[in-house]
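The values are calculated or read from the model by the stated rules, or taken from the named source; none is laboratory data. These figures come from a predicted structure and were not determined experimentally. Don't worry about glycine lacking a Cβ; one is built from the backbone with ideal geometry, like all the others, and counts go over all protein chains shown. Just the protein is used for accessible areas: all its heavy atoms, side chains included, with ligands, DNA and RNA removed. Shrake-Rupley method; radii C 1.70, N 1.55, O 1.52, S 1.80 Å.
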Amino acid sequence: MSDRYLPSLRQFLTHPSGTEGPDPELVFLIEDIASACRAIGNQVRYAVFDGLTGTAGEVNVQGEAQKKLDVAADETFERICASSRRLAALVSEEREEITWLKEPEAGDFLLFYDPLDGSSNLDVNLSVGSIFSICQVDSENASDVLKPGTRQICAGYAIYGPSAMLVLTTGAGVNGFSYDDRTGDFRLTHPGLTIPAETSEFAINASRYHHWDEPVRAYVDDCLAGRRGPRGRDFNMRWTASMVADVHRILMRGGVFLYPVDAANRDTGGKLRLLYEANPMALIVENAGGAATSGRNRILDEPPTSHHQRIAVMLGSRDEVAQLEDYHRRMTGN
Ligand code: P6P
């Protein structure tokens, strides 16, 4: 193995080059989150030996059958992160209600998370991940957790793939840390991740074609028409049914990810959740030079109305996201 010096997550967070590091209490919370992701990665890896495969026999607030690992990952987040002195509340995809850990005071942290994203991939041994977002309690209305994405002070995800990685932004830039099980650290292997502005690769669940609104159908039709079509070039398509895996690929090589509102999910506002899926991924993508929209509006500006609110998501290479917004404008007039 190369003896390149690769700083650990803590070394990176406490000695960022040239800038003041984050609040030490935030560093402690980020390290707790990294510990939770390390533990979840092991739960996923050894589930078959620990009786953690298959469903838990419950349906979660999303109306989805909970996997045993969904429940285990959610419990791991709380067990490891709840000791943080400044963490006031947990908002989890797997919990109907907000979990208050203390009386909220101005500046305390709010942790939003999807403990195990893409869990339908677990039993077929494909990549899954955890997504997290951190905001702070305001001095007025301290019990209000409905913060727009622009209020995030940290966002990230862990991907449990061929190698386990943590991808993180605390404002300036996006950095990737690979887990080294020989030292037990997440180490800075992918500094300064950026998304190419242009792409010829899109990710969408094409089986929903008959549900899509016209702008999405026209966009995909034109991509599939290839070099003889209006786009003048051939496109590739990917769909992993795991947002973390699709977004990670986009961070690594560009692309655009779409989960639009359609005729079959319009009554719930879409599939993906705003506070703990769309917002953290939108902040990561924007801080890596990409763009993230609902098709009409910037996701990070969306004012939340409930903590499990859903939203349409189109994000990735900024020139392609601009194309998508243009299709929506031209075909719906707004
Ligand atoms: P579909 C996983 O359940 C998830 O929330 C995202 O990770 C993923 O992008 C999407 O849903 C997959 O949805 O309809 O393809 O199963």
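Quick grid of which residues meet (1) closer than 25 Å to Arg310 by Cβ; (2) away from the ligand (no atom under 16 Å from the Cβ); (3) touching a strand residue (DSSP E or B) at 6+ places or on another chain (Cβ under 7 Å):
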{"position": "Leu26", "(1), (2), (3)": "no, yes, yes"}
{"position": "Asp32", "(1), (2), (3)": "no, yes, no"}
{"position": "Ala39", "(1), (2), (3)": "no, yes, no"}
{"position": "Ala56", "(1), (2), (3)": "yes, no, yes"}
{"position": "Val59", "(1), (2), (3)": "yes, no, yes"}
{"position": "Lys67", "(1), (2), (3)": "yes, no, yes"}
{"position": "Ala73", "(1), (2), (3)": "yes, no, yes"}
Among the residues listed as Ala292, Ala245, the single one being within 12 Å of the ligand (Cβ to nearest atom), buried (at least 21 other Cβ atoms within 10 Å of the Cβ) and under 16 Å from the mean Cα position of the chain (by Cα): Ala245
Answer residue from region 1-22, given it is surrounded by 16 or more Cβ atoms within 10 Å (Cβ to Cβ) and closer than 24 Å to Ala82 by Cβ and is modelled with the lowest pLDDT among those: Pro22
Criterion violated by Ala278 - all others in (1) open to solvent by 10 Å² or more (accessible area, probe 1.4 Å); (2) in a helix (DSSP H, G or I); (3) under 25 Å from His190 (Cα atoms) satisfied: (1)
Single residue of region 79-118 satisfying the filter (on the phi < 0 side of the Ramachandran plot and of a type in the set (Gly, Ala, Ser)) that is farthest from the ligand (Cβ to nearest atom): Ala106
Residue satisfying condition, being more than 16 Å from the ligand (Cβ to nearest atom), among the aliphatic types (A, V, I, L, M) and open to solvent by less than 40 Å² (accessible area, probe 1.4 Å), within set Ala155, Ala164: Ala164
Hits in region 137-152 - residues which are open to solvent by less than 30 Å² (accessible area, probe 1.4 Å) and of a type outside the set (Lys, Arg): Val137, Ala142, Val145, Gly149, Gln152
Evaluation of Gly41 against (1) more than 30 Å from Thr268 (Cβ to Cβ); (2) open to solvent by 60 Å² or more (accessible area, probe 1.4 Å) (one fails), failing number: (2)
